[in-house]
1. Please go through (1) at pLDDT 95 or above; (2) more than 23 Å from Gln312 (Cα to Cα); (3) of a type outside the set (Asp, Glu) for Gly276 and return the number of the only condition it doesn't satisfy.
2. Looking only at helices (runs of 4 or more DSSP H) that lie completely in the stretch 127-195, which have at least 1 residues being assigned by TED's automatic domain parsing to the domain that holds Glu221, β-branched (Val, Ile, Thr) and under 30 Å from Asn92 (Cα atoms)?
3. Restricting attention to the stretch 334-370, which residues are surrounded by 15 or more Cβ atoms within 10 Å (Cβ to Cβ), of a type in the set (A, V, I, L, M) and at pLDDT 95 or above?
4. Would you mention how many residues in the stretch 230-252 are over 16 Å from Cys333 (Cα atoms) and in contact with a Pro (Cβ under 9 Å, 6 or more places away or on another chain)?
5. Would you mind finding the one in Gly65, Gly74 that is of a type outside the set (Phe, Trp, Tyr), closer than 21 Å to Val280 by Cβ and surrounded by fewer than 21 Cβ atoms within 10 Å (Cβ to Cβ)?
6. So, in the stretch 119-147, how many residues would count as being surrounded by fewer than 18 Cβ atoms within 10 Å (Cβ to Cβ) and within 27 Å of Trp326 (Cα to Cα)?
7. Please give the number of the condition His250 fails out of (1) surrounded by 21 or more Cβ atoms within 10 Å (Cβ to Cβ); (2) modelled with pLDDT of 95 or more; (3) more than 25 Å from Thr292 (Cβ to Cβ).
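The values are calculated or read from the model by the stated rules, or taken from the named source; none is laboratory data. Small disclaimer: the values here were computed from a predicted structure and weren't measured. Cβ placement follows ideal geometry from the backbone for every residue including glycine, while neighbour counts extend to all protein chains displayed.
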Amino acid sequence: MKTLHTRIATFACLFSCGIAAVSLTGCEGARAPAASVHVRFGVSPFQDTYLPMIGEAKGWYKEEGVDVEFSTLGWTEVMEALSAGKIDVGINNMSSVVATHNRNPQIIYWYGLNPFDNGFALMVRPNGKLKTVAQIEKEVGNHEKAVQLAAAQLKGKTVVTTGKTDMEQGVAAAARRGGLDFRNDIRIIDLNPDEGLAAFLRGEGDAYIGGIPQRTRAGKEGMVEMLTGADLGPPPINGFVTTKDFATKHEAELLKLLHVWFRIVRANDVNIDDGGTFIVNKLNAQSGAQFTLDDYKKFWNNYEHYPSGPDQVEQLILSPTGRNYWRARWDDCNQYFFQITHTIPQPVDPTDAFWMEKAHKDYVATYGNR
């Protein structure tokens, strides 16, 4: 994917302030904007990572005194741009931070936004070599056993995915479930999500993992879900990634970005048609996903979840008893990159690279717990 500087001012008229404040097409009061601080923000063409753009179309960043310049980047390009100093903040996840931090200790995971807890799916061809978990479960009558047997089918097979990312990490987790050696028992065709989907639909590989738009498109093309969600291991958690320097010098701006994020989520909860239409239009203009509003509604707070405030973040991500406790994912990332792929020289210490707990406390102190 090529880097695109995304300007969406032409959409601003679609989000005028004449509708009720709770609607995505409305504004929450009239505040005089503070002096703007320029922030370069990298996002990827997915249904979740495009959400911050709604805040620009609505004028919410300006209300907070932040001048945001968006760049649309491929998933792996976000971390490259951050390391190169071309952006200040981006949306990515723990896998990318763990993979990058040893090479650039400035890279940190600043705040978790939305768990991708049922988002990934290992897609296979219908009536092909590989049976789905659902098919096997009908035969054996036990879900965990069916997951093990389904994953074991990958021995000697080829999977199309994006290497050294959370997508390939899902394949490695499936290999563990099936008692396989990821490096020796499975062959990977490493392509960016859209390119990988096109290759898979042309007949390359035995299975495929990409993002939600690609998963949706594969399903529309007749592909079926072999393994999904937590059956592929601890779920990814998308969030703000940045550098130590930027987080130290511009925490106020990062907290404002987070405040706008929660505002976007709450607006989308109330009026999903407006938010969904905006995202679908942006997404289909940048990829071949052929995503629809019904697709968007299917995934919102279903295949992935969006905490609407810090109280829900505490329950879902920060609590050790939460459904998507961050440490389970962090440890899985270290295992994948250090023990399985041997692409990092040592595990990444969360006390150095995971700044979410401090950011959360500072957000609550500034804006409250809801």
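1. The single condition Gly276 does not satisfy is (2).
2. Qualifying helices (runs of 4 or more DSSP H): 133-140, 143-152, 166-177.
3. Ile344, Val348, Ala353, Met356, Ala359, Val364
4. 1
5. Matching residue, one of Gly65, Gly74: Gly74.
6. Counting residues in the stretch 119-147 that are surrounded by fewer than 18 Cβ atoms within 10 Å (Cβ to Cβ) and within 27 Å of Trp326 (Cα to Cα) gives 3.
7. Just one mismatch for His250, condition (1).
Matching residues to (1) surrounded by fewer than 17 Cβ atoms within 10 Å (Cβ to Cβ); (2) farther than 28 Å from Ile87 by Cβ; (3) touching a His at 6+ places or on another chain (Cβ under 6 Å):
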| site | (1), (2), (3) |
| --- | --- |
| Ala151 | no, yes, no |
| Gln169 | no, no, no |
| Leu191 | no, no, no |
| Gly205 | no, yes, no |
| Tyr208 | no, yes, no |
| Arg215 | no, no, no |
| Lys220 | yes, yes, no |
| Glu225 | no, yes, no |
| Gly239 | no, no, no |
